[in-house]
Amino acid sequence: MNTLSQLAKMTTLVADTGDLSAIIRLKPIDATTNPSLITSAFISGEYDDIICSTKHLTTDEAIDYLTVWLGKLILEHITGRVSTEVDAKLSFDTQKTVTKALQFIDAYEKLGVKKERILIKIAATWQGIEAAKILEQQGIHCNLTLLFTQIQAQACADAGVTLISPFVGRITDWQKQHENKETIDIHDDLGVLSVKNIYHFYKKHGYTTEVMGASFRSCEQILALAGCDLLTISPTLLDELSNMDKPVIRMLSFDKKLENKPSVIDFDTFNQTQNHHPLNQLLLKGIDGFVQARDVLAEKLTQQ
């Protein structure tokens, strides 16, 4: 049994891609998309006919239509859920995030896709977490992304978010730059340690929010988190794992003994802690990156 098959027995594997051919080949349970992946899919030229059909729409309407259209196409080839991300420009506006999420759900339902198969993906700002809280109360499941800190993780759990996507590789990249190192030992990898800490925090306090490690740079990072609830992995690394025969050891597990939950985090505590955290820059940079990716797709649409 190859390494990928072993890992799949202890962790739900998710394809981190908008590449339909990769999804068909890899057969993941779930799939995640983001503005960068959506843009990559549509600037490839493969879907130019679909893009041409959106000429009567505004640019924002066209991008939303294409996002849902690709999400539905992906769902035809997986048994689980697809994560569909709200425009990152709305990351600091709770009501607009909720409104956009509801529009996505409505668009999917018009295409025959039930809301249970959709995870609305939202940046883990305070406003984004508040939007997710509102959506979860309406039975709409959310995936909080661009998550780098413990305070973000706890606020998401307080809000009853379905799952979070803590970013491993971007923290490791920051660590390498901060410590002026080309490589980081896996036991000292702050990205890996962040996910481990969040996982154990959730489990020992009985939070129902699931942890989905994301943004991996190597198979070593992935295997260091074997046993995590979910792991979303690029096709390249999924292929590497499928070609390995290394034994997989469960690295994350928990006992049933629970501790009392800490006090619910309020707005002031969140802002003071998050804004002064050195990794907050990764949240802001990530939002900017997703905005820029959407802008690239918008430019392509205006050229049609």
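No lab work stands behind these numbers, since they all come straight from the coordinates. Since this is a predicted model, take the numbers as computed values, not measurements. A quick note on method: Cβ atoms are made from the backbone with ideal geometry, for glycine too, and the neighbour counts reach across all protein chains shown.
Of the residues making up segment 18-45, those that are of a type outside the set (A, V, I, L, M, F, W, C), under 26 Å from E299 (Cα atoms), touching a residue at least 24 places away in the same chain (Cβ under 8 Å) and touching a helix residue (DSSP H, G or I) at 6+ places or on another chain (Cβ under 9 Å) number 7. Among the residues in segment 117-125, are any free of Cβ contacts under 8 Å to residues at least 40 places away in the same chain, farther than 15 Å from V86 by Cβ and assigned to a helix (DSSP H, G or I)? No, segment 117-125 contains no residue that is free of Cβ contacts under 8 Å to residues at least 40 places away in the same chain, farther than 15 Å from V86 by Cβ and assigned to a helix (DSSP H, G or I).
Filtering segment 57-104 to residues that are in a loop (DSSP other than H, G, I, E, B) and touching a Gly at 6+ places or on another chain (Cβ under 6 Å) leaves only S91. Out of all the residues in segment 161-174, is one or more within 15 Å of the chain's Cα centre (by Cα), of a type outside the set (D, E, K, R) and more than 24 Å from A31 (Cβ to Cβ)? No: zero hits. Against the conditions (1) out of contact with any Ser or Thr (no Cβ under 6 Å at 6 or more places or on another chain); (2) among the β-branched types (V, I, T); (3) in contact (Cβ under 8 Å) with a residue 60 or more places away in the chain; (4) within 24 Å of A131 (Cβ to Cβ), V195 satisfies every one except (3).
Would you call S165 hydroxyl-bearing (S, T, Y) and part of a helix (DSSP H, G or I)? Judged against the criteria, S165 is not a match. Note on segment 92-134: residues that are in contact with a strand residue (DSSP E or B) (Cβ under 8 Å, 6 or more places away or on another chain), hydroxyl-bearing (S, T, Y) and surrounded by fewer than 24 Cβ atoms within 10 Å (Cβ to Cβ) amount to 1. Looking only at residues in segment 1-56 that are assigned to a loop (DSSP other than H, G, I, E, B), under 14 Å from the mean Cα position of the chain (by Cα) and of a type in the set (S, T, N, Q), the one that is surrounded by the fewest Cβ atoms within 10 Å (Cβ to Cβ) is T33. Residue pairs whose Cβ atoms lie under 9 Å apart, separated by 6 or more positions or on different chains, with the first residue in segment 275-292 and farther than 18 Å from W126 by Cβ and the second outside any helix (DSSP H, G or I), are V291/D87; V291/S91. Identification of helices (runs of 4 or more DSSP H) wholly contained in segment 210-304 with 2 or more residues that are within 30 Å of C52 (Cα to Cα) and not hydroxyl-bearing (S, T, Y) yields 280-302. Do we find a residue being loosely packed, with under 14 Cβ neighbours inside 10 Å, within 30 Å of S5 (Cα to Cα) and among the hydroxyl-bearing types (S, T, Y) anywhere in segment 259-271? No: segment 259-271 contains no residue that is loosely packed, with under 14 Cβ neighbours inside 10 Å, within 30 Å of S5 (Cα to Cα) and among the hydroxyl-bearing types (S, T, Y).
I'd like to know if segment 102-115 contains one or more residues that are polar (S, T, N, Q), over 21 Å from D288 (Cα atoms) and without any contact (Cβ under 8 Å) to a residue 60 or more places away in the chain. Yes, there is a match, as at least one residue in segment 102-115 is polar (S, T, N, Q), over 21 Å from D288 (Cα atoms) and without any contact (Cβ under 8 Å) to a residue 60 or more places away in the chain. Every condition in (1) surrounded by 17 or more Cβ atoms within 10 Å (Cβ to Cβ); (2) within 18 Å of E220 (Cβ to Cβ); (3) touching a Gly at 6+ places or on another chain (Cβ under 9 Å); (4) in contact (Cβ under 8 Å) with a residue 40 or more places away in the chain holds for S165 except the one numbered (2).
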